[in-house]
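Inspection log for the structure reproduced underneath, given as structure tokens.
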Amino acid sequence: MRQKSRHAKITMNAHPKDTGDMSHKDTLFQCEMSDPGDFVFDDRVVSVFPDMINRSVPGYGLIVPMTGMLARRYAQENTVLYDLGCSLGAVSIAMRAAVRRPGIKIVAVDSSADMIRRLKELLEDDAALKAPEIRAVQQDITQTSIENASVVVLNFTLQFLQPDQRNALLNRIASGLVPGGILILSEKVRFQDEVEQALQTTWHHDFKKTQGYSELEIAQKRDALENVMKPDSMEQHRDRLKSVGFERVSPWFQGFNFVSMVAFRNSSDAV
Ligand code: GEK
């Protein structure tokens, strides 16, 4: 059943005021390092996270509020909305602002203790918007039980799981969705065609340069992410989603090598 009430205003600011005031400019990879090490979501990253993700992921500032808008359409009364790999809760906050259904619960999960600690502080400070409650949980999403879900969001998180863990998570998400429920999956993708891969990577680096990152910062961040973030191709995403029972996969956004898609259990739910 679709909502008939008038639409809530959907903010285009991916991190509304509640995450903005403590966020600093990302300068983590500015100094030359002999070995940048593996990227970790620790306190240093938390303090610059909104700036970092907005300047690194083309379209992030659009994807977050549009995820709220999609959640508004597909959220069902007395169900749970999951934000898996929530970081500072931008998607949860966008869903809370957009969704108008009775009995909704929002569960925001992240394995980083620093992220969850900061998210809890932000939610406590946030006196104006209390309902529905956002439950912030520190947990590895491979362990999260997904039950009675109408909307599950993986916003740039699946890519951080070991490739052999991705199928099992998507399987559990598919099983935990109520009829008519959806998965919103946003990922950095790689391209099977080498020329396309080179082209999109160049354009992404150009984007980062327009955002003020230097060649050194781009190179050092790329090295730090190399072992921890392993993007799949669109073909792999489609095949894996189909194999766990999502009949329809509808991409709705692409900004260079960053893609967002909606996956439906039943094609008939899509219209
Ligand atoms: C946003 N969705 O702002 N279990 C739980 N969390 C994890 C795991 C795991 N196994 N692996 C990584 N993470 C957010 C942005 S950021 C994307 C997501 C990025 C968490 C990790 O701690 C981090 O907070 C998040 O996934 C990825 O819309 O930084 O490119």
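The values are calculated or read from the model by the stated rules, or taken from the named source; none is laboratory data. Since we're looking at a predicted model, the values are computed, not measured. When we count neighbours, we look across all protein chains shown, and the Cβ atoms used for this are built from the backbone with ideal geometry, even at glycine.
Before moving on, here are some points about what is shown:
- Here residue 116 fulfils each of the conditions (1) modelled with pLDDT of 95 or more; (2) closer than 20 Å to residue 213 by Cβ apart from (2).
- Filter result (farther than 22 Å from residue 65 by Cα, of a type in the set (Asp, Glu) and either in a helix (DSSP H, G or I) or within 14 Å of the ligand (Cβ to nearest atom) (or both)) within region 159-216: 164, 194, 196, 206, 215
A quick yes/no check of all residues on (1) modelled with pLDDT of 95 or more; (2) over 18 Å from the mean Cα position of the chain (by Cα); (3) farther than 23 Å from residue 41 by Cα:
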{"residue": "131", "(1), (2), (3)": "no, yes, yes"}
{"residue": "136", "(1), (2), (3)": "yes, no, no"}
{"residue": "144", "(1), (2), (3)": "yes, no, no"}
{"residue": "148", "(1), (2), (3)": "yes, yes, yes"}
{"residue": "157", "(1), (2), (3)": "yes, no, no"}
{"residue": "161", "(1), (2), (3)": "yes, no, no"}
{"residue": "165", "(1), (2), (3)": "yes, no, no"}
{"residue": "170", "(1), (2), (3)": "yes, no, no"}
{"residue": "174", "(1), (2), (3)": "yes, no, yes"}
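- Filter result (within 20 Å of the chain's Cα centre (by Cα) and loosely packed, with under 15 Cβ neighbours inside 10 Å) within region 234-250: 235, 250
- Taken residue by residue, region 161-182 has no member that is of a type in the set (D, E, K, R), under 24 Å from residue 102 (Cα atoms) and surrounded by fewer than 17 Cβ atoms within 10 Å (Cβ to Cβ).
One line per residue, one yes/no per condition, for (1) at pLDDT 85 or above; (2) β-branched (Val, Ile, Thr):
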{"position": "10", "(1), (2)": "no, yes"}
{"position": "15", "(1), (2)": "no, no"}
{"position": "23", "(1), (2)": "no, no"}
{"position": "48", "(1), (2)": "yes, yes"}
{"position": "67", "(1), (2)": "yes, yes"}
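Per-residue answers, yes or no, for (1) away from the ligand (no atom under 12 Å from the Cβ); (2) in contact (Cβ under 8 Å) with a residue 60 or more places away in the chain; (3) on the phi < 0 side of the Ramachandran plot; (4) surrounded by fewer than 24 Cβ atoms within 10 Å (Cβ to Cβ):
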position: 55; (1), (2), (3), (4): no, yes, yes, yes
position: 70; (1), (2), (3), (4): yes, yes, yes, yes
position: 83; (1), (2), (3), (4): no, yes, yes, no
position: 92; (1), (2), (3), (4): no, no, yes, no
position: 104; (1), (2), (3), (4): yes, no, yes, yes
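Every residue, every condition in (1) outside any helix (DSSP H, G or I); (2) farther than 20 Å from residue 264 by Cα; (3) more than 16 Å from the ligand (Cβ to nearest atom); (4) not polar (S, T, N, Q), yes or no:
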| position | (1), (2), (3), (4) |
| --- | --- |
| 73 | no, no, yes, yes |
| 78 | yes, no, yes, no |
| 116 | no, yes, no, yes |
| 124 | no, yes, yes, yes |
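- Verdict on residue 57 being within 16 Å of the chain's Cα centre (by Cα) and either among the β-branched types (Val, Ile, Thr) or at pLDDT 90 or above (or both): yes
- Single unsatisfied condition, residue 209 versus (1) surrounded by fewer than 16 Cβ atoms within 10 Å (Cβ to Cβ); (2) touching a residue at least 12 places away in the same chain (Cβ under 8 Å); (3) in contact with a helix residue (DSSP H, G or I) (Cβ under 9 Å, 6 or more places away or on another chain): (2)
- Conditions (1) out of contact with any strand residue (DSSP E or B) (no Cβ under 7 Å at 6 or more places or on another chain); (2) surrounded by 15 or more Cβ atoms within 10 Å (Cβ to Cβ); (3) over 30 Å from residue 218 (Cβ atoms): number failed by residue 118: (3)
- Number of the condition not met by residue 109 [criteria: (1) within 15 Å of the ligand (Cβ to nearest atom); (2) more than 18 Å from residue 184 (Cβ to Cβ)]: (2)
- All of (1) surrounded by 14 or more Cβ atoms within 10 Å (Cβ to Cβ); (2) not in a helix (DSSP H, G or I) hold for residue 221 with one exception: (2).
- Test: residue in region 227-245 that is part of a helix (DSSP H, G or I), in contact (Cβ under 8 Å) with a residue 24 or more places away in the chain, of a type outside the set (Val, Ile, Thr) and closer than 29 Å to residue 51 by Cα: yes
- Matching residues in region 135-158 - criterion: being part of a strand (DSSP E or B), touching a Leu at 6+ places or on another chain (Cβ under 9 Å) and within 13 Å of the ligand (Cβ to nearest atom): 136, 152, 153, 154, 155
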